[in-house]
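Just below is one structure, and these are the notes that go with it.
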Amino acid sequence: MGKSTISSSTTRDRRPDDAHTTGAGDQGRWSTKRIAMYALFVALAMAVSFLEFPLMPAAPWLGFLPHIFTNPWGSIMAIGVALALSVPAALIYRRHTSRKGALAGIVVGALCAIVAAIIGNLFITPLYAHMSMAAVAKMIVPILLPFNLIKFTLHGVITFLIYKPISNLLNR
């Protein structure tokens, strides 16, 4: 009797469209549809990351092409900068789920990412660009800082404009 009661309550609590859920307590937070949507966005991000155009001709390595096999140092730096951008933004937005919270998260994340990119360039760029740390340091103000300001301004504006429509799409 207890066994049928448990299974009937589980079946009764589950909505028909949540047949393939993986969330805790079968809440449907990670449905098959949601996982597939995330996978599509990751695939789209990877495809777009192959688009490269030089913003700063004096530093041609400043562009994001997945360098996992051709340049592992650039990949390490790109991952660090991506984490510096996204983690603070996500933590701020989690606490303040409003447009102001999203904007604050984007700005703080961009500032953290700029700092991470400058530090990464100082220590990692000399390893693969055959430059001294002093030569990279001389490039901070005229090249690296403007490049990163342009890059993270574009990231921020695009993210701010599309985060809500994508969020609504994922939460349907």
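The values are calculated or read from the model by the stated rules, or taken from the named source; none is laboratory data. The model shown is predicted, which means the values in this text are computed figures rather than measured ones. Using ideal geometry, Cβ is built from the backbone for each residue, glycine included, and neighbour counts are taken over all protein chains shown. Note: areas computed on protein heavy atoms with side chains; ligands, DNA, RNA excluded. Shrake-Rupley method; radii C 1.70, N 1.55, O 1.52, S 1.80 Å.
Can you tell me which residues in the range 119-141 are open to solvent by 80 Å² or more (accessible area, probe 1.4 Å) and either at pLDDT 90 or above or under 17 Å from Gly105 (Cα atoms) (or both)?
Ile119, Phe123, Met133, Lys138, Val141
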Quiz item: For the range 88-171, which fully contained helices (runs of 4 or more DSSP H) count at least 1 residues that are farther than 27 Å from Pro72 by Cβ?
Solution: 99-128, 145-170
Quiz prompt | Residue list for the range 97-116, filter: loosely packed, with under 14 Cβ neighbours inside 10 Å and over 21 Å from Val141 (Cβ atoms) | solution = Thr97, Ser98, Arg99, Lys100
Practice problem: Out of the residues in the range 55-91 that are buried (at least 19 other Cβ atoms within 10 Å of the Cβ) and of a type in the set (A, V, I, L, M, F, W, C), state the one that is modelled with the lowest pLDDT. | Solution: Leu62
